[in-house]
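Structure first, then comments.
Read the figures in this text as sums done on the coordinates, not as results from a lab. Everything quoted here is computed from the prediction, not taken from an experiment. Please note: Cβ atoms are built from the backbone with ideal geometry, for glycine as well, and neighbour counts cover all protein chains shown.
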Amino acid sequence: MKYALIGCGRISPNHIVAASKLSLEIVALCDIVSDNIDDKIIKFDLPESVRKYTDYHQMLTTEKPELVAIATESGKHASIALDCINAGCNVIIEKPIALSLEDADKIIAFAKEKNVKVCVCHQNRFNKSIQKIREAIDKRRFGKLLYGAAHIRWARDYEYYHRAPWRGTWEQDGGALMNQCIHDIDLLRWMMGDEIIEVVGMTDRLKHSYIEAEDFGIALIKFANGSYGVIEGTTNVYPRNLEETLYIFGEKGTVKAGGEAVNIIEEWRFSDYLDDPEDVKRQCHEAPPNIYGFGHARLYRDMIDAIQENREPYVNGAAGRSALELVLAIYLSASTGKSIKLPLQSCSTVQFKDRFI
């Protein structure tokens, strides 16, 4: 399967490694900064046959890849995805799927029209710990779900934002909730029943005066099944990343997934005693080299299978839209001081451009 990558920045190594591991034919890398392409070709010892492009339109026309991964700044995800879909390409889009619900809906509808697959890169869904929790959810081991909580306590400094000035802007990124926290926000919504009735949120820019968006956010969520969700996300933790943690509480079960990127199970308690908690902890323990984990290769494997089997990917466009919708609902609540009813039909990060001026 012919594969191309658009965007050779911070997250691109995970995509290149996944594509190589699964023996995709990497035909091209594209980035507006050619040095970024050269760096990745050398670092990963890619074959001479890999072509280099600074214009993705030219790349699509010349190479005609079957699968394209989009790993650019978030604000460009939608326009690039629509161009790739128009060229007949299946697409893997780094999170978030887009920065507006309107654009997310366009991507989903256009992919259906063109009969191609869209996968959004919420790779933590493939963590062993998360898969084990999802299995317990599907088997109804928790009984009635009561509430869940997502805590993302990370650190980002001036150098992080200075290296890529699009970060922390409303037009190209959003803040901590949209960029750093959306993975755990996605997991919380997915686990707790997905359908949301109401969201109440607060956000602030407590430390990073040089960015436009928030570096701290909290939210309370009411799900349609009667359960609740709590979100706490920040990039203000001193001096380094502390944890990404997901709690699920039910009438018959309590689970905590923790570690730097929800890659280990720290608590596993069920009234049915169907498994040994210590065995579960050992079997689901992963120690990835960074916060991105091991999920990209697993997500790529599923996407390849989805294309070949003509089915929806495990993390499809609708899943990406759901995570985006929840973050935007928190932003909307925080900016208006009101609770927000879901579903939302339209909302975009650019609506909040003057939020902290």
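General remarks:
- The GNM of the chain, with springs linking C-alpha atoms under 10 angstrom apart, assigns the highest mean-square fluctuation among Glu309, Glu286, Glu243 to Glu309.
- Proximal aspartates and glutamates to Lys95, defined as alpha-carbon separation beneath 13 angstrom and excluding residues fewer than eight positions away on the same chain: Glu73, Asp173, Asp184, Asp186, Glu325
- Share of pairwise Cα separations in the stretch 1-84, more than 19 Å, in percent: 27 percent
- Only lysine pairs 8 or more places apart or on separate chains count here, and in the stretch 105-239 those with Cα atoms under 25 Å apart total 9.
- Count of Lys pairs (Cα-Cα under 24 Å; at least 8 positions apart or interchain) in the stretch 246-357: 4
- Length, then width, then depth: along the principal axes, the Cα atoms of the stretch 79-195 run 45, 43, 24 Å.
- Charged side chains reduced to their Cβ positions (Lys and Arg at +1, Asp and Glu at -1) give the chain a dipole of some 460 debye around its Cα centre.
- Choice from Arg189, Arg301, Arg153 showing the highest fluctuation, given a GNM over the chain with Cα pairs closer than 10 Å: Arg301
- GNM on the chain, alpha-carbon springs under 10 angstrom: the most fluctuating residue among Phe270, Phe110, Phe44 is Phe44.
- Note, ³J(HN,Hα) from phi for the stretch 341-347, Karplus 6.51, -1.76, 1.60, rounded to Hz, x at Gly and Pro: 8, 10, x, 9, 9, 8, 4
- Alpha-carbon centroids, the stretch 47-109 and the stretch 306-328: separation in whole Å: 15 Å
- Part-to-part distance (alpha-carbon centres) for the stretch 162-225 and the stretch 236-291, which is given in Å: 22 Å
- The long axis of helix 34-43 is offset from the longest Cα principal axis of the chain by roughly 80 degrees.
- The DSSP beta bridges internal to the chain are antiparallel in roughly 60% of cases.
- Equivalent-ellipsoid semi-axes for the stretch 53-108 (Cα gyration tensor, √(5λ), whole Å, largest first): 19, 12, 9.
- Principal axes of the chain: Cα extent on each, largest first, Å: 57, 50, 43
- Bins of 5 Å from zero: percent of alpha-carbon pairs in the stretch 236-310: 3, 14, 17, 18, 16, 14, 13, 6, 1, 0
- Each 5 Å bin from 0 upward holds the following percent of the Cα-Cα pairs of the stretch 185-280: 3, 11, 17, 20, 18, 15, 9, 5, 2, 1, 0.
- Helix content alone sets the calculated 222 nm mean residue ellipticity of the chain: runs of n ≥ 4 DSSP H residues at -39500 (n - 2.57) each, divided across all residues, give -10500 deg cm²/dmol.
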